[in-house]
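Below you'll find the structure, written out as structure tokens, and then a few comments.
The values are calculated or read from the model by the stated rules, or taken from the named source; none is laboratory data. Fair warning: this is a prediction, and the values are worked out from it, not measured in the lab. When we count neighbours, we look across all protein chains shown, and the Cβ atoms used for this are built from the backbone with ideal geometry, even at glycine. What goes into the accessible areas is simple: the full protein's heavy atoms, side chains included, and nothing from ligands, DNA or RNA. Shrake-Rupley method; radii C 1.70, N 1.55, O 1.52, S 1.80 Å.
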Amino acid sequence: NHFIMKKLLIGALVGALILFVWQFLSFALLGIHNSQMDHTPNQDAILKVLEENLEEGTYFIPRAEIGASMEQEEAIMNERMGKPWAMVSYHDSLSNNMGMNMFRVFVIDFISAFLLAWLLMKMANLTFQTSVIASLAIGLIGYFTINYLNSVWFETNSIPDLIDAVVQWGLTGAWMGWWLTK
């Protein structure tokens, strides 16, 4: 049906814009994620040491070599207990591919909003309230099973991600609740 496809595509396009604009505000203007990307005045010295000692990749330090026995892994962890540890994502070269990154983010936002609109349109008696609650539930499921669990294991601050989950999915659910019930 042409009408249903139009509703779905417009819902997804505007939903993607809502997600995209919130993500820009959250990261660039409001500084919500600053605590997840802190500054150290020692960055030049740290980067020099990393450059001399790492290849591009993500590291958990300390960790036994891949393929080590459980006994070897336990020995390293026991020896390092109570001492410093780190998660490091090291890249050989800083690049600023803002245009392509923004394009990729918008495509993912569009796919996400499209999937949300599609799910909501499958509900027989969709209401504004149901749309907002369902959208928040989806955002919170993503937050709990990815960001929050990572924060448990790697002792990071996931509050900025919780704020994003609630705000961007609440706003998108409100848009969908208005648009799809018209």
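For segment 59-70, does any single residue satisfy the condition of being in contact with a strand residue (DSSP E or B) (Cβ under 8 Å, 6 or more places away or on another chain) and acidic (Asp, Glu)?
Taking every residue of segment 59-70 in turn, none turns out to be in contact with a strand residue (DSSP E or B) (Cβ under 8 Å, 6 or more places away or on another chain) and acidic (Asp, Glu).
Taking the condition open to solvent by 50 Å² or more (accessible area, probe 1.4 Å), touching a residue at least 60 places away in the same chain (Cβ under 8 Å) and over 28 Å from Val14 (Cβ atoms), does Phe110 pass?
Against the criterion (open to solvent by 50 Å² or more (accessible area, probe 1.4 Å), touching a residue at least 60 places away in the same chain (Cβ under 8 Å) and over 28 Å from Val14 (Cβ atoms)), Phe110 does not qualify.
Condition test on Phe24, is it loosely packed, with under 13 Cβ neighbours inside 10 Å and either under 30 Å from Met121 (Cβ atoms) or in contact with a Pro (Cβ under 6 Å, 6 or more places away or on another chain) (or both)?
no
Might you check whether a residue that is open to solvent by 70 Å² or more (accessible area, probe 1.4 Å), out of contact with any Ser or Thr (no Cβ under 6 Å at 6 or more places or on another chain) and under 18 Å from Thr172 (Cβ atoms) occurs anywhere in segment 10-19?
yes
If you scan segment 104-131, which residues turn out to be under 18 Å from the mean Cα position of the chain (by Cα) and either at pLDDT below 95 or under 30 Å from Glu155 (Cα atoms) (or both)?
Those that are under 18 Å from the mean Cα position of the chain (by Cα) and either at pLDDT below 95 or under 30 Å from Glu155 (Cα atoms) (or both): Arg104, Val105, Phe106, Ile108, Asp109, Ser112.
When residues of segment 139-182 are filtered for being in contact (Cβ under 8 Å) with a residue 24 or more places away in the chain, farther than 21 Å from Ile32 by Cα and open to solvent by 50 Å² or more (accessible area, probe 1.4 Å), how many remain?
Number satisfying all stated conditions: 2.
Within segment 63-72, count every residue that is among the charged types (D, E, K, R) and at pLDDT below 90.
The total comes to 2.
If you scan segment 47-72, which residues turn out to be surrounded by 12 or more Cβ atoms within 10 Å (Cβ to Cβ), closer than 22 Å to Thr156 by Cβ and not hydroxyl-bearing (Ser, Thr, Tyr)?
Passing the criteria: Leu47, Leu50, Leu54, Pro62, Arg63.
Is there a residue in segment 49-62 that is more than 21 Å from Gly15 (Cα to Cα), part of a loop (DSSP other than H, G, I, E, B) and modelled with pLDDT under 90?
Yes, segment 49-62 has at least one match.
Against the definition (open to solvent by 60 Å² or more (accessible area, probe 1.4 Å), part of a strand (DSSP E or B) and not charged (D, E, K, R)), how does Met87 come out, yes or no?
When the stated conditions are applied, Met87 passes them.
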